[in-house]
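Here the structure comes first, spelled out in C-alpha cells, and everything after it is commentary.
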C-alpha cells in the first residue's frame, strides 16, 4: 500500500487518530521497515502500534454505544 510514515507519525503525535486511520494507518503490517530505514531514528513502528490501538479503542467504544 502507499503508506506515508511521516504523516502517520505526525497524526499519532498530535493524537489525531481519525486522520491516522484516514491515511491508511490500519493497513500497516508492522514489518518495521520504516523504523529501520528512518534516518532520524523515529520509532515509527511503535507510533503506529499506538495509533492502531487508539483507533481500535474508539471503534470498540462506538460498538458498545450501539449495543446499549
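Taken together, the values in this text are just the output of simple stated rules run on the coordinates, not laboratory data. Since we're looking at a predicted model, the values are computed, not measured. We place every Cβ from the backbone using ideal geometry, glycine too, and count neighbours over all the protein chains shown.
Which one is surrounded by the fewest Cβ atoms within 10 Å (Cβ to Cβ) among residues in segment 10-19 that are under 15 Å from residue 42 (Cβ atoms) and either touching a residue at least 24 places away in the same chain (Cβ under 8 Å) or touching a helix residue (DSSP H, G or I) at 6+ places or on another chain (Cβ under 7 Å) (or both)?
Of segment 10-19, the ones under 15 Å from residue 42 (Cβ atoms) are 10-14.
After this cut, where a residue has to be either touching a residue at least 24 places away in the same chain (Cβ under 8 Å) or touching a helix residue (DSSP H, G or I) at 6+ places or on another chain (Cβ under 7 Å) (or both) as well, the list is 11-13.
Numbers: 11: 22, 12: 23, 13: 12.
Applying the filter and picking the extreme gives 13.
Out of 28, 34, 38, one residue alone is in contact (Cβ under 8 Å) with a residue 24 or more places away in the chain, closer than 19 Å to residue 56 by Cβ and surrounded by 14 or more Cβ atoms within 10 Å (Cβ to Cβ). It is 28.
Residue-level check: of (1) part of a loop (DSSP other than H, G, I, E, B); (2) over 14 Å from the mean Cα position of the chain (by Cα), residue 30 misses just (2).
Within segment 41-55, if we keep just the residues that are surrounded by 11 or more Cβ atoms within 10 Å (Cβ to Cβ) and more than 10 Å from the chain's Cα centre (by Cα), the residue that is farthest from residue 6 (Cα to Cα) turns out to be 43.
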